[in-house]
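Worksheet: the structure to be examined is printed underneath.
The values are calculated or read from the model by the stated rules, or taken from the named source; none is laboratory data. Being a predicted model, the structure only gives us computed values, none of them experimental. Every residue, glycine as well, gets a Cβ built from its backbone with ideal geometry; the counts of neighbours run over all protein chains shown. Please note that ligands, DNA and RNA were not included when accessible areas were found on the heavy atoms of the full protein model with its side chains. Shrake-Rupley method; radii C 1.70, N 1.55, O 1.52, S 1.80 Å.
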Amino acid sequence: NYIYNKKKNLTVTLGGYDYKKNSLKILSIIPYLEKFKKINFISGNKKDFNILKKKISKFKKIKLYYRPKNILKILFDSKLVIVSGGITLFECILMNIPTVALPQYNHQLKTIRNLSKYKLTILGSNKMGILRKKLINKIIYSNFKDYKFSNKKLFSLDCNGLKRISQYISKIIDGKI
């Protein structure tokens, strides 16, 4: 709790391609997010990065990154991360970082809903659409202390996933599957 309460940054990272243009929707609510000292936007796509670069110039506390090498540090230094429903969502959960998740695709919506049942993330949209007022309320008024953002019972990592995948691919190549 001590470390969490010292953090004052918000980070927005919506994957390699911001299919739903959620970054631009989040920019429209920046004036309501004054409780955050700094707001980081991380883009994984050059086209999205260039669009954001033009739009954020009027906001002094926004820092824009394109595929930063220190992404884990940026995430860890955040009080809250707005994320889509992909790998970064799981990274944040495992690092015990509160998240508000915005699905980009239907399978992400399903994942986010399932994780929300276990209070591992907060669904920040209305199905696939963002309602500004609902998103603002989720970010500002959610009591993140009720959420257990990391649950070791749900995530059993044995570090053998790469080995299993490699063996499976080898079997396919050898014609054994």
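Some observations on this one:
- Answer from SER142, SER125, SER116 - the residue that is of a type outside the set (A, V, I, L, M), touching a helix residue (DSSP H, G or I) at 6+ places or on another chain (Cβ under 8 Å) and either modelled with pLDDT of 75 or more or within 25 Å of ILE74 (Cβ to Cβ) (or both): SER125
- Close pairs (6 angstrom Cβ cut-off, 6 or more residues apart or separate chains): assigned to a loop (DSSP other than H, G, I, E, B) in the stretch 55-80, open to solvent by less than 60 Å² (accessible area, probe 1.4 Å) anywhere: PHE59/ILE30; LYS61/ILE39; ARG67/GLY44; ASP77/ASN9
- Condition check for LYS110 on (1) open to solvent by 10 Å² or more (accessible area, probe 1.4 Å); (2) touching a residue at least 40 places away in the same chain (Cβ under 8 Å); (3) within 19 Å of ILE122 (Cα to Cα): one failure, at (2).
- Residue within the stretch 92-114 that is farther than 20 Å from LYS8 by Cβ, in a helix (DSSP H, G or I) and in contact with a Leu (Cβ under 6 Å, 6 or more places away or on another chain) present: yes
- Against the numbered list (1) closer than 22 Å to LEU120 by Cα; (2) surrounded by fewer than 17 Cβ atoms within 10 Å (Cβ to Cβ), GLY15 comes up short only at (2).
- Of all residues assigned to the stretch 23-43, at least one qualifies as being open to solvent by less than 30 Å² (accessible area, probe 1.4 Å), among the β-branched types (Val, Ile, Thr), within 19 Å of ILE130 (Cβ to Cβ) and in contact with a Ser or Thr (Cβ under 8 Å, 6 or more places away or on another chain).
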